[in-house]
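To start, the structure itself, in structure tokens.
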Amino acid sequence: MAELRHGYSLSYPVESESPRGVVLDLDGPIWKNNQVSADAIDLVATLRQFSIPFAILTNDCSISRASLVEDLASFSLVVDAQTLLTPSVIFAEAAVNFGIRSIAYVGSTSAAQDLQPEISLIRQGLADAVVIGDVFDDYNREQLDYAARLALRGVPVYALQRKYLWSDDGQMRLDVGFWVAGFEAATATAIQTVGKPAPGAYRSALQHIGLGDESASHCWMVSDQVEPDLNGAAQFGLRTVLVSKELQNCNSLDSIVVKDLGQLSDLIIRFATSKHS
């Protein structure tokens, strides 16, 4: 077990080998201030160079996967659509296995594209489930009331994510958890979460890079957020990488801590080349 200390803050010994797969948080490390970081482009190139499969995971449920892929490409980060996982995509894939064919959906019209055609979005009658997404820009009182009536009848309710606050440009904003908490309190319903930190989010990411749960300890989850991203990843069994310019230790998670994705790219190169030296 070799311990690497060349400019990297490591809170546990890391064997000198590349991860079998990498899950990258989109919001923060890759996409920040409405643009893609140059370090993110270099990291993706490094992962491809050494044939390390990767997935990009986001809790953004305000926009479709296709639109996100276009946004990334406009900044020269070209990824296949199957590489990028939104909560809507994760739910649609899992719903088929649970026999969910119709839902009362409260959320973004754009993100709804990722729920179809596998799932029917209905506005009346009995649905198999209620799904709450980003309501801020697509608020519909009638649909919200319909979803609440279904919840009160015992129809299961899912939240695409439930974080309370988010910040991209230094300004704190309310997040989807604002709506989820209110809906949960009003209907006395236990709402299940789809996106991070739910285990299904990380499981879906591994499946998309061709790996199962048993490979989690050999894969890395990369994020600048301890909560919910890295805590959830650690509980699932993934190794965690915290991106933080302060290089603070995250001893509770035994995370690798790097100041940016450029430093992480260098670390992966060292791991990948050391086995040939």
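Among residues of the range 145-176 being aromatic (F, W, Y) and at pLDDT 95 or above, the one that is farthest from T58 (Cα to Cα) is Y146. Can you name the residue in the range 74-118 that is among the aliphatic types (A, V, I, L, M) and more than 21 Å from the chain's Cα centre (by Cα) and, of all such residues, is nearest to L47 (Cα to Cα)? Only one residue fits best here, namely I100.
The residues in the range 188-238 that are surrounded by fewer than 22 Cβ atoms within 10 Å (Cβ to Cβ), in contact with a helix residue (DSSP H, G or I) (Cβ under 8 Å, 6 or more places away or on another chain) and touching a residue at least 60 places away in the same chain (Cβ under 8 Å) can be counted, and the count is 2.
Only residues that are under 19 Å from the mean Cα position of the chain (by Cα) and among the acidic types (D, E) were counted across the range 124-179, and they come to 3.
For the range 84-99, a residue qualifies if it is touching a residue at least 24 places away in the same chain (Cβ under 8 Å) and surrounded by fewer than 20 Cβ atoms within 10 Å (Cβ to Cβ), and the qualifying residues are E93, A94, G99.
Just one residue in the set D138, D175, D134 is in contact (Cβ under 8 Å) with a residue 24 or more places away in the chain and crowded, with 19+ Cβ neighbours inside 10 Å; that residue is D134. One residue stands out in the range 15-39 among those that are of a type in the set (A, V, I, L, M) and in contact with a strand residue (DSSP E or B) (Cβ under 8 Å, 6 or more places away or on another chain): the one that is farthest from Q207 (Cα to Cα), namely I30.
Only one of these is in contact (Cβ under 8 Å) with a residue 60 or more places away in the chain and either surrounded by fewer than 22 Cβ atoms within 10 Å (Cβ to Cβ) or not aromatic (F, W, Y) (or both): D42, D71, D114. Name it. On inspection, the qualifying residue turns out to be D42. Scanning the range 83-93 turns up at least one residue that is farther than 14 Å from V194 by Cα and not in a loop (DSSP other than H, G, I, E, B).
The values are calculated or read from the model by the stated rules, or taken from the named source; none is laboratory data. Quick caveat, the model's predicted, so the values are computed rather than measured. Cβ atoms come from the backbone with ideal geometry, glycine included; neighbour counts cover every protein chain shown.
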